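**Student:** Here it is, the structure, as structure tokens.
The values are calculated or read from the model by the stated rules, or taken from the named source; none is laboratory data. As the structure is a computational prediction, the values presented were derived from the model and not from experiment. Methodologically, a virtual Cβ is constructed for each residue, glycine included, from the backbone with ideal geometry; neighbour enumeration extends over all protein chains shown. Accessible surface is based on the protein model in full, side chains and every heavy atom, while ligands, DNA and RNA are left aside. Shrake-Rupley method; radii C 1.70, N 1.55, O 1.52, S 1.80 Å.
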Amino acid sequence: MKAPTNWVPVCTVDDLVADSGIAVWTEDGPVSVFYLPNRLPALFAVSHTDPFSGSNVLARGITGDINGEPVVASPIYKQHFSLRTGRCLEDEGVQIKVYPALLDGNRIRLEVPVVQAAPVAA
Amino acid sequence: MEHQTLIVIGNGMVGHHFLEQFCQSPASEHYQLVVFGEEKQLAYDRVHLSEYFGGSTHADLAMATAEWYDAQGIELHLNEPVTSIDRENQIVTTPKGHYLYHQLVLATGSYPFVPPIAGNDQDGCFVYRTLADLDAIRASAAQARSGVVVGGGLLGLEAANALKSLGLQAHVVEFAPRLMPVQLDDQGGGLLRQKIEDLGVQVHTEKATTEISPGAEARLRMNFADDSHLDTDLIVFSAGIRPQDTLARACGLEVGERGGIVVNNQCTTSDPAIHAIGECALWNHRIFGLVAPGYTMARTLVAALNQDQDAAFTGADMSTKLKLLGVDVGSIGDAHAQIPGARNIRFHDEQSGHYRRMVLSQDGKKLLGAILVGDNGPYDTLLQYVLNGIELPDNPESLILPESEGGAPALGADALPDTASICSCHNVTKGDICCAIDAGCTDVGSVKTETRASTGCGGCSALLKKVVDSELEKRGVEVCTDLCEHFPYTRQELFHLVKVNGIRTFQNLISQYGKGQGCDICKPTVGSILASCWNEHVLATDHVPLQDTNDTFMANMQKNGTYSIVPRIPGGEITPDKLIVLGEVAKQYNLYTKITGGQRVDLFGATLSELPEIWEKLIAAGFETGHAYGKSLRTVKSCVGSTWCRYGVQDSVGMAIMLENRYKGLRAPHKVKMAVSGCTRECAEAQSKDFGVIATDKGWNLYVCGNGGMRPRHADLFATDLSDDELIRTIDRVVMFYVRTADRLQRTSVWLENLEGGLDYLKQVVLDDSLGIGEELEQHMAELVSTYRCEWKAAVEDPEKRKRFREFVNAPAQKDPVQQWTFERGQRRPVLEVVAS
Ligand SMILES: Cc1cc2nc3c(=O)[nH]c(=O)nc-3n(C[C@H](O)[C@H](O)[C@H](O)COP(=O)(O)OP(=O)(O)OC[C@H]3O[C@@H](n4cnc5c(N)ncnc54)[C@H](O)[C@@H]3O)c2cc1C
């Protein structure tokens, strides 16, 4: 069964930067949202954390396409991550989280797992 | 023929390998094999011993099963050490009995050396060699909080990692002044130390332990010769290994002065019926503390026992490549330049934490050894050079330089033999690549798919491209010099297209002359070209997505995602008031502060959202951006000049400030540095800069295309005794010609080296105006100078641009949780654990 998720609003269209990324904070941690106006779909959301350095920086990477695949290049060590699958192009074993994104009027919503309230210790 | 008995003493890695090989050989028909092992367990993979702490069991590490020994008819006596050898009667004795032999093989390995320190035998003191040792350490660690490893060599660091994995605060105590003294030099050891300390292991060098006594804050206390001490719950000795030659010594076999059973090329000892292999054997005055040479000895002995006349052990390469606590370390051949006349090339990038050293023969033609810390990328190539004695290229430094600095591409791929390993992850040789090309591959991409080369860690991608290009060229295939998959042009061609067609945006350029969406190669390149041509703000909406993150946020990103800030201090001249402002701002934002080599101040650790606030304060105090983040003019360094100096003949500071203000902000293919010296004493080191100016009593001498740092190059004298105006006009022209014609990320030094006609040609173009473009170049420069604005000033004044500096757009108060800090030498610095591989 699929774990419960929420479509949470994270920002508005005005926050986006064309052909680039911004970072938002979600219950699932930091997420980067990319807007590539020349593609369909144009919105992508992946983890903001660069798995190679552990730093939260991916939204600040350069976007583009490699063999047609939309990618962002980590600004730290320059690996490319597919914006569709989260797969690292240089290292098949590494993958970052991908979040489904949609435009709801003026708002961007991301599908993030529902955080279960931790049981209070007796 | 009757069966003879061959006894093997020691059931370790090499002893087992011997049995495996021997059983497959014809001679096995004639022998009954008997093995004695002191350890309880059957031979296991000691190289991966530490995995025992990671959850591997003996069964996982075992090199064979008891069933295999049975099936081979080998008589196996575990937990039964041999206590003596009677050579006259050819009998070995154990606590359980006496056994006759015809041939005897000693594979007793080595034992850990425990320094003779008072108190070294109490509870809580261990060594790190066997499964039993690890069981004991694990049991003790359950009640411990801290642990010390004595010995900062290869095994010691591995042990420290193991202690850390058991949840202990780990320390390493080393007698020598640096870590891994055998494999590394001071710089390499220093860098390794820094990296290991970043991972939370504390390193104490130059510590001689005098005594171990009961501790106050922990079970034990180590007292050092310098009167300091360290309390710890357990101690692991890893101060080297000694060949286990006790039996051989006692029965009168020849042993070395410092231990080891002397063997000849067939691995036979001074007694023709007794042989020794592995770490206990001393061949040619050398002990081999690695498993591969031991295996070679085992195979040699098997061949010799099979009457192979050619069987001979001829030594082994002791180069090592490993990951210690996740840090790449490599040591090849004569790493310490002990061969007389050897010369060194060193590359040390403190920013990315890479250290590389090459040791060259006196004539500079052969590579003798190398040291790598931080990145083993070049290891395989360097090893090929050493092992195959290949002649080095003319610019051997290219082998260890990052590609962006004119590094790897200069490597002569031609010089590599077909056996050279190009991709170590997938073990692809140059020969494999040639086969793929012969089978129809015509570019790097298809060679990658075909051979899997460079699809592992990717570290060999530059070398792979080089090999593929050179092989294609050899076969007459035209090699593609396209910038990337999106633009079938070189940087120079793109510059021309932009300039001539008046193109002002990336979208226009790619839709007219390229395809796709662009990437992290072409976008910054085009961004730089557009800036060089039109000088529009880097944060103008169209340009934002083109810039590397450093250009986008106008600061230098550090490894934890924070930024460093370098305000411009022209010529290195600063008023006390401004200096105080820098101090105050740094203090307010808790910024780590360091003086740079370019006579300015670097402030580290600002978060994205702090950048505009900090710059507001700096701008109010009269500072401008220093472009330390851009491929543009960095600094113009100066000595104090004739104003103060007894020797100065011109006002070098005044000239430096003038030059810095003239060229600041100019976008170029790579960074540009300048310096002005007030006399020939050259205190500003101008000849190591892209543009160096040295005062004469008649004016200025101009030097061009020098380079310090990674790949030093002395600047060439370009023109002499210039007046102020002539100097500026000349620099204008050279800079602009460089901006127009250089490749992406090509420093002026490499540009000049690749310029057809070289220095003479450059002189013709600039001084004699042979192309008739002199005036145009000057005019272009004048336009750029007149349109300069401080990018930071423009950014802080524009609310739209400031929006870019929000860390999390929907949570202004949210702090980035990975940015953790600690204090060192009175300043804040980041703590950062690397999460993925
Ligand atoms: C933690 C660790 C990490 C290592 N990492 C690497 C690495 O990365 N790369 C590498 O190449 N090497 C590495 N080594 C070294 C490698 O394990 C040795 O080179 C290899 O094990 C040597 O094999 P050997 O058979 O000569 O000795 P051993 O494997 O030590 O075997 C000798 C055996 O003989 C037994 N023995 C001794 N005396 C007697 C006696 N009188 N009677 C009966 N039995 C006896 C011992 O108990 C032991 O079991 C590492 C070693 C350790 C401890």
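**Student:** Would you check which residues across the stretch A:19-38 are facing chain B (nearest Cβ under 7 Å) and either in a strand (DSSP E or B) or charged (D, E, K, R) (or both) and list them?
**Tutor:** Across the stretch A:19-38, the qualifying residues are A:19, A:20, A:22, A:23, A:24, A:25, A:30.
**Student:** Out of B:571, B:598, B:583, B:561, which single residue is out of contact with any Pro (no Cβ under 7 Å at 6 or more places or on another chain), touching a residue at least 40 places away in the same chain (Cβ under 8 Å), outside the structural domain of residue B:708 (by TED's automatic domain parsing) and part of a helix (DSSP H, G or I)?
**Tutor:** From the options B:571, B:598, B:583, B:561, the qualifying one is B:571.
**Student:** Name the single residue, out of those in the stretch B:29-58 being of a type in the set (Gly, Ala, Ser) and touching a residue at least 12 places away in the same chain (Cβ under 8 Å), that is farthest from the ligand (Cβ to nearest atom).
**Tutor:** Only one residue fits best here, namely B:54.
**Student:** While we're here: Just the residues that are of a type in the set (D, E, K, R) and within 14 Å of the ligand (Cβ to nearest atom), please, taken from the stretch B:136-168.
**Tutor:** B:158
**Student:** Looking only at residues in the stretch B:372-392 that are in a strand (DSSP E or B) and more than 12 Å from residue B:358 (Cβ to Cβ), which one is most open to solvent (accessible area, probe 1.4 Å)?
**Tutor:** Filtering first and then ranking leaves B:391.
**Student:** Hey, any hits in the stretch B:270-292 for a residue that's in a helix (DSSP H, G or I) and either among the charged types (D, E, K, R) or surrounded by fewer than 16 Cβ atoms within 10 Å (Cβ to Cβ) (or both)?
**Tutor:** Within the stretch B:270-292, one or more residues are in a helix (DSSP H, G or I) and either among the charged types (D, E, K, R) or surrounded by fewer than 16 Cβ atoms within 10 Å (Cβ to Cβ) (or both).
**Student:** Could you grab me the full set of residues in the stretch B:332-357 that are charged (D, E, K, R) and surrounded by 15 or more Cβ atoms within 10 Å (Cβ to Cβ)?
**Tutor:** B:334, B:346, B:349, B:356, B:357
**Student:** Separate question: Applying the selection to the stretch A:39-75, what residues are open to solvent by 30 Å² or more (accessible area, probe 1.4 Å), at the interface with chain B (Cβ under 9 Å from one of its Cβ atoms) and part of a loop (DSSP other than H, G, I, E, B)?
**Tutor:** A:39, A:67, A:68
**Student:** Please enumerate the residues belonging to the stretch B:422-440 that are at pLDDT below 80 and surrounded by fewer than 20 Cβ atoms within 10 Å (Cβ to Cβ).
**Tutor:** Of everything in the stretch B:422-440, those that are at pLDDT below 80 and surrounded by fewer than 20 Cβ atoms within 10 Å (Cβ to Cβ) turn out to be B:424, B:425, B:426, B:427.
**Student:** Sticking with this one: Among the residues of the stretch B:778-837, write down those that are more than 14 Å from chain A (Cβ to nearest Cβ), charged (D, E, K, R) and part of a helix (DSSP H, G or I).
**Tutor:** Within the stretch B:778-837, B:778, B:783, B:791, B:793 meet the criteria.
**Student:** Give me the pairs, please: first residue somewhere in the stretch A:64-89 and acidic (Asp, Glu), second residue anywhere and part of a strand (DSSP E or B), beta-carbon distance under 7 Å, and either six or more positions apart or on two chains.
**Tutor:** Taking only residues 6 or more apart or on different chains, the pairs are A:65/A:71; A:69/A:82.
**Student:** Within the stretch B:238-265, which residues are within 12 Å of the ligand (Cβ to nearest atom) and surrounded by 21 or more Cβ atoms within 10 Å (Cβ to Cβ)?
**Tutor:** Residues satisfying the conditions are B:238, B:243, B:244, B:245, B:247, B:248, B:260, B:261.
**Student:** Moving on to the next point. For residue A:99, only one of the following conditions fails: (1) closer than 21 Å to residue B:485 by Cα; (2) open to solvent by less than 20 Å² (accessible area, probe 1.4 Å); (3) of a type in the set (Ser, Thr, Tyr). What is its number?
**Tutor:** (1)
**Student:** Further, regarding this structure: Restricting to the stretch B:59-82, and then to whatever is touching a helix residue (DSSP H, G or I) at 6+ places or on another chain (Cβ under 8 Å), within 14 Å of the ligand (Cβ to nearest atom) and open to solvent by 50 Å² or more (accessible area, probe 1.4 Å), can you tell me which residue is farthest from the other protein chains (Cβ to nearest Cβ)?
**Tutor:** B:76
**Student:** Quickly run through the stretch B:333-353 and pick out the residues that are closer than 12 Å to residue B:373 by Cα and not in a loop (DSSP other than H, G, I, E, B).
**Tutor:** Passing the criteria: B:346, B:347, B:348, B:349.
**Student:** Same structure again: Are there any pairs with C-beta distances below 7 angstrom linking a residue in the stretch B:471-496 that is more than 14 Å from chain A (Cβ to nearest Cβ) and under 17 Å from residue B:740 (Cβ atoms) to a residue that is open to solvent by 80 Å² or more (accessible area, probe 1.4 Å) and modelled with pLDDT under 85, with the two at least 6 apart or on different chains, and if so which?
**Tutor:** From the stretch B:471-496, the pairs are B:490/B:481; B:491/B:744.
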